[in-house]
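The values are calculated or read from the model by the stated rules, or taken from the named source; none is laboratory data. The shown structure was predicted, so the numbers you read here are calculated from the model rather than taken from an experiment. Positions of Cβ are backbone-derived with ideal geometry, glycine not excepted, and every protein chain shown enters the neighbour counts. Side chains are part of the model used for accessible areas, which takes the heavy atoms of the whole protein and leaves out ligands, DNA and RNA. Shrake-Rupley method; radii C 1.70, N 1.55, O 1.52, S 1.80 Å.
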Amino acid sequence: MKPHLASLLLIIASAAAGQPALHTFDRVQLTDIYYSEGVNAADIDNDGHMDAIYGPFWFAGPDFKTKHLIYKTFPQPREAYANHFFAWTYDFNGDGWTDVLTAGFPGTPAYVYQNPGKEGHAAPWPKHEVFDWVSNESPHFVNLVDKEKPVLVCTRDGYFGYAEPSWNVPFERWNFYPISDRIAPTKFGHGLGVGDVNGDGRQDILMKDGWFEQPEDLTQGHWTLHKAAFAPRGGAEMFAYDVDGDGDNDVITSLAAHEFGLAWHEQTPTGFKEHLIMGDRPAQNRYGVVFSELHSVQLTDMDGDGLKDIVTGKTYWSHHKKSPMWDAGAVVYWFKLTRSSDGVDWVPMKADGEAGIGRQIIVKDVNGDKLPDILTGGMKGAHVLLHRVKEVSEAEWQAAQPKRVTIIEKPPLRGGPPIFDEATNSVPDVIEGESITAKPSKGTVAPQSMKNFTAGRWSGASQLFWRGGDVGDTLEIELKVDNEAEYTLESVFTIAPDYAIVELTLGGKPIGEPIDLYDSAKVSTTGVLEHQVGKLAAGPHKLGIRITGTNPAAKPSNFVGLDFVKLFRKR
C-alpha cells in the first residue's frame, strides 16, 4: 500500500534561537478501511521504531507500509459502528514485549492481546478477556491510584470507577472498584477524565457534571462528588490543567461529543467559570473556526513552548447523518495556548482536512524526531500525521498567522406571546396550522399535538408539522382576502434543535427576513412575528414557506412547524 501524503500549513513560533517557524503535518494513510474508532502506537516488534496500531493490525514503522495481524476480523459497517473502539499499549506480563489492551462498543468486554514475540507475529495473538463491561465513550488507561501502574478508568453498570489488573496474573479477570453511586448511564455516556483538581497530589476523576475527589484512604468507599456543570451532554476526554497560570488547575473539555463546543473552565474561589473556545457558529470563536463532533480530545505541548495545547478534530460520521454539520470536512486541529496581559487565548491550527478522528485521538512521537505526531482512526480509516518544522522569515510567519475576526450576529426573529382565549385554549381569528390542507414540494405535512411540550404554548395545543423537506422546497398555503386594502401578516412557528431556516413569500415574493427556527435546548415558539405585506387585492393569495437552510448548530432534519397565521387589515 502506498502512503498518501498531504502537507498542510500550520503556524507557530519556534523557540529555537528565536527563529519563526512554520509547522506542517504530512498525512500518511495506513488504510482507508473502517476497522476501529481507536488507534495507538508502540514499538511492537522491538526493532527500535514505533509502530501504528489500528483495529486488527499493527503497521510497522518507520514507514508504516507493512501491516501485521493482531486478530482476525472483517471491515466494519460504516452505516453502523465498529466492535473495536479503543486501543492502549502496555507490557502487562513484563516479558519485554508490548501488549495491546482494547475496548469495544460500550457495554462490551475489554481484552488484552498478548504480544507473542518475534516468532509469533505471523499468527493471531493470544486473546484474554480481562474485564466484562467497559462503558463511557471516553475511558482512560492511566495512572490513577498508583504512580507506577495504570488502571482502566470507565463506568460499569451505572457506576463510575476503575478496573485494576491483577498484576501477579495480569491476563486473569481484573477487579472493578466503583467510586460513585449508580449515577452514570448504564452503557453509554460521554465525558471522562483524570487529573488533580484540588492540588492535593492525588489524581481525581472528572465527568461532565463534576469531579470525584480521590481520598487519602482508598478503602473508605465512594469518592466525594463535587458538582460542576462542565458539559451538559458530555464530550470527550477531560483534563485538569493550569490554563491561566494562576497556580490552580482548571478543567478542559469538549461540550457535546456529537454536536458542538470546546471550553476551559477557570477554577475560582466560588466555583468554575466557563470560557468558550469554540461554539456552534463562527462568531463564537475568535478566529471564526467552527466544526462539530469533538468526540476525542488530547492535551499536549505541540510546539515546545512549555504550555500544553488542545488536540482534537471532527469525528467524521460519529452519528452518521444525525449530527449537525455531519458532512463538513473531516478536520484535525490543535489549539495553541497563549498567555498575555490580555489573558488566555487558544489559537486554532489546522493540522489536516481529510483524516478526521474517531473516538480516540493519540499524540505521540512516532518517528523519533522529538516532535509530537498525531494518530487518528475512524470511519475514514487510519492516518498518521507526521509533524514537520521549517524555519522561515518573520514576514512569512506573519503572513501565515491566523487572523482574529469580528462577526456581528443578527439575533433570530422572535416576537411577543399571542393573546389566548383561555376558555378555548386558542388564539381567536387565526388560521390554525393543524387545520391547513397543503402539499409541500417535498416531504409530508400533518397535524401534530404539542401537549407534551411545556416550554411553549401553541394555539389549540397543536401545529402543522412538515418533515422530509430539503433546502429550496416550499409549502404553499392559500389565503383569502375579502377586500382590497393594506394588510399585515402575523405568524407563529415552532423552534427546536432540529428545525430549519425558512423564508415567507407572498405571490412568490419574499416578505421580511428569513426566520431561524433553531433553538439549542428547547421546543417552544417564535412568538408572534409581524410581516408587512402591503396592499392586497380581493381574492386568493399564495403564502409560501420556503426552506432556505439550517443553522450550523441544528440537527440537519429541516423540520418546520407552523402554529398559526393571520392576515389582518390595517385601519
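Could you compute Rg(Cα) / (2.2 N^0.38 Å) for the stretch 328-399, with N its residue count?
Details: Rg = 14.6 Å, N = 72, 2.2 N^0.38 = 11.2 Å.
Output field value: 1.30.
In whole percent, and with a 1.4 Å probe on the protein chains, what portion of the accessible area of the chain is carbon and sulfur? Walk me through the numbers before you get to the answer.
Working: 12270 of 24690 Å².
It is 50 percent, rounded to a whole number.
Quick check: convex hull over the Cα atoms of the chain, volume per residue in Å³, rounded to an integer? Each step should come with its number before you reach the end.
Numbers: hull volume 110.3 nm³, N = 571.
Convex hull of Cα atoms, per residue: 193 Å³.
Can you give me the distance in nm between label points at Tyr90 and Ala455, each placed 7 Å from the Cα along the Cα-to-Cβ direction?
The two pseudo-label positions are separated by 4.2 nm.
Give, in nm to one decimal, the length gained when the segment between His320 and Leu218 is fully stretched (0.36 nm per residue of separation minus the Cα-Cα distance).
Details: separation 102, 0.36 × 102 = 36.72 nm, distance 4.17 nm.
Length gained between His320 and Leu218: 32.6 nm.
Which order, highest average first, do 504-513, 259-268, 238-247, 477-486 follow once you tally other Cβ atoms within 10 Å for each residue and take the mean per peptide?
On the way: 504-513: 15.2, 259-268: 21.6, 238-247: 17.3, 477-486: 13.0.
Highest-to-lowest ranking by the protection proxy: 259-268, 238-247, 504-513, 477-486.
Among Ile277, Gln214, His258, whose Cα projects farthest towards the positive end of the dipole of the stretch 208-333, with charges put on the beta-carbon of Lys, Arg (+1) and Asp, Glu (-1)?
Most positive-ward Cα: His258.
Expressed in nm², what is the orientationally averaged projection area of the convex hull enclosing the Cα positions of the stretch 100-153?
It is 4.6 nm².
I need to check one value: relative contact order of the stretch 473-536, counting alpha carbon pairs closer than 8 Å and at least 6 residues apart, in percent.
Working: 101 pairs, mean separation 28.5, N = 64.
Once normalised by length, the contact order is 45 percent.
Out of all Cα-Cα pairs in the stretch 185-309, roughly what percent, to the nearest whole number, are more than 24 Å apart?
Working: 2161 of 7750 pairs.
Every Cα pair in the stretch 185-309 considered, those over 24 Å come to 28 percent.
FRET efficiency for Thr548 and Ile419, Cβ-Cβ distance as r, R0 = 25 Å, nearest 0.05?
Working: r = 30 Å, r/R0 = 1.19.
The computed FRET efficiency comes out at 0.25.
What pairs in Lys451/Lys480; Lys370/Lys390; Lys509/Lys570; Lys65/Lys364; Lys67/Lys336 have C-alpha atoms more than 23 Å from each other? Present the calculation step by step, with values, prior to reporting the outcome.
On the way: Lys451/Lys480 30 Å; Lys370/Lys390 14 Å; Lys509/Lys570 20 Å; Lys65/Lys364 19 Å; Lys67/Lys336 34 Å.
Check vs 23 Å cut-off fails for Lys451/Lys480; Lys67/Lys336.
Treating the beta-carbon of each Lys and Arg as +1 and of each Asp and Glu as -1, no other charges, what is the dipole magnitude of the stretch 316-360 about its Cα centre, to the nearest 20 debye?
Values: 6 positive and 5 negative charges, 39 e Å.
Taking the Cα centre of the stretch 316-360 as origin, the dipole is about 180 debye.
Kindly report the accessible area of the stretch 488-571 per residue (heavy atoms of protein chains, probe 1.4 Å, no ligands, DNA or RNA), in Å². List each step's numbers first, then the result.
Details: 3240 Å² over 84 residues.
Per residue, the stretch 488-571 has 39 Å² of solvent-accessible surface.
Tell me the relative contact order for the chain as a rounded percent, counting alpha carbon contacts under 8 Å between residues six or more apart.
Numbers: 1635 pairs, mean separation 65.3, N = 571.
Relative contact order for the chain comes out at 11 percent.
When the expected Rg is taken as 2.2 N^0.38 Å, what fraction or multiple of it is the alpha-carbon Rg of the stretch 357-445?
It is 2.37.
How high is the relative contact order of the stretch 135-249, given as a whole-number percent (alpha carbon pairs under 8 Å, six or more residues apart)?
Working: 266 pairs, mean separation 25.8, N = 115.
For the stretch 135-249, the relative contact order is 22 percent.
Express the accessible area of the stretch 43-151 per residue in Å², computed with a 1.4 Å probe while the remaining protein chains stay in the model.
42
Hey, what's the stretch 314-398 come to in accessible area per residue, 1.4 Å probe, Å²?
Numbers: 3210 Å² over 85 residues.
Averaged over the residues of the stretch 314-398, the accessible area is 38 Å².
What 222 nm value per residue comes from the helices of the chain, counting each DSSP H run with n ≥ 4 as -39,500 (n - 2.57) and dividing by all residues, nearest 500 deg cm²/dmol? All intermediate terms of the calculation are to be shown ahead of the outcome.
Values: 1 runs with 7 residues, N = 571.
Computed mean residue ellipticity for the chain: -500 deg cm²/dmol.
Roughly how large, in nm² to one decimal, is the mean projection of the convex hull of the alpha-carbon atoms in the stretch 437-571? Please report the intermediate quantities before stating the final value.
Numbers: hull surface 31.6 nm².
With the hull built on Cα positions only, its mean projection is 7.9 nm².
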